[in-house]
1. So who's got an amide H within less than 5 Å of the one on V52, skipping anything under 5 residues away but keeping other chains? H placed 1.01 Å off N, in plane.
2. For the chain, just say rounded, prolate or oblate: build the C-alpha gyration tensor, square-root its eigenvalues into a ≥ b ≥ c, call rounded for a/c under 1.5, and beyond that prolate if a/b exceeds b/c, oblate if not.
3. How would you rank 7-16, 81-90, highest first, on the average number of other Cβ atoms within 10 Å across their residues?
4. List K37, K49, K25 from most exposed to least, where exposure is judged by having the fewest other Cβ atoms within 10 Å.
5. Just to be sure I understand: of the beta bridges DSSP finds with both ends in the chain, what percent are antiparallel, rounded to 5?
6. Restricting to DSSP loop positions (anything but H, G, I, E, B) with no more than 11 other Cβ atoms inside 10 Å of their own Cβ, which GluC sites (Glu not before Pro) remain in the stretch 108-169?
7. Please compute the modelled spin-label separation between L141 and R117, points set 7 Å along Cα→Cβ, answer in nm with one decimal.
8. Under a cut-off of 20 Å between alpha-carbon atoms, report the aspartates and glutamates in cross-link reach of K42, not counting same-chain residues fewer than 8 places apart.
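Readers should treat all values here as calculations from the given coordinates under stated rules, not as data from a laboratory. Note that the structure is a prediction, hence the values are computed from the model and not measured. As a convention, Cβ positions derive from the backbone with ideal geometry for all residues, glycine included, and neighbour counts pool all protein chains shown.
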Amino acid sequence: MSDVTLYGPPQSTYVRTARMACEEKGVPYTLEAIELKSDALKAIHPFSKVPVLRHGEVILYETQAICSYIDNNFDGPALMPQHAGPRGVAEQWISNVNCYMYETLIRSYMFQYVFPRGDDGQPDRAAIEAAVPEVQRQIGLIDSALEGREWLAGDLSCADLFLAPIMFYLGNAPESAAAMESSTNIQRVGAAMHGRASFINTMPPPPPES
Ligand SMILES: N[C@@H](CCC(=O)N[C@@H](CS)C(=O)NCC(=O)O)C(=O)O
């Protein structure tokens, strides 16, 4: 047993990324629920986000740091390319998710469907319509980046593990699903991702009632 614990809800895309990194690496872990914004979470994450990793004395937050720790501390297949060029590409895509894409694709767009705040508890159409052009543009960027590649940086890497949980949710909302349906590279790579044990074993339950 590796005695790795990941804290956070299974619906979170970032928690799923960290879980997928453990699964791909073959590192056993326990997923422990923790209430968002609780004192317990604030005690282990100064910005009160998930996931957080605990491994013995080590406590780490930030998904990229957690994935890096899992990759470098345990045996198993490398989760980042070894050569500078592809490694740079993988890091660039992780940064894209952290700096731009999570904000647009999940917070500005998907959350409108998952936590509807419009009239009568319906999704806010104005907010969705405002988000859609940038959602479509980013889906186009991802599709172009996958042209002629098996995965974003050549071999499977953390970059793919950062994007896969987001793409899964986008497949369930109408405008993003339509954009993805006509994106042949996303379809091809998505089919490969959906067959991986790391993806199947971390399938999130439906979102909690808001
Ligand atoms: N930069 C952080 C982002 C983590 C993050 O935003 N997690 C979301 C869940 S997917 C969260 O904690 N949301 C709760 C909140 O914002 O209160 C990381 O890479 O771990």
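1. Correct list: Y7.
2. On the way: a/c = 1.91, a/b = 1.14, b/c = 1.67.
Oblate, because a/c is 1.5 or more while a/b does not exceed b/c.
3. Going by the mean number of other Cβ atoms within 10 Å, highest first, we get 7-16, 81-90.
4. Numbers: K37 8, K49 17, K25 21.
The order, fewest Cβ neighbours first, is K37, K49, K25.
5. Details: 10 of 14 bridges.
Approximately 70 percent, going by the DSSP bridge assignments.
6. On the way: sites: E129, E134, E147, E150; in loops: E147, E150.
Loop-located and lightly packed - E147.
7. According to this spin-label approximation, the distance is 2.3 nm.
8. E32, E57, E62
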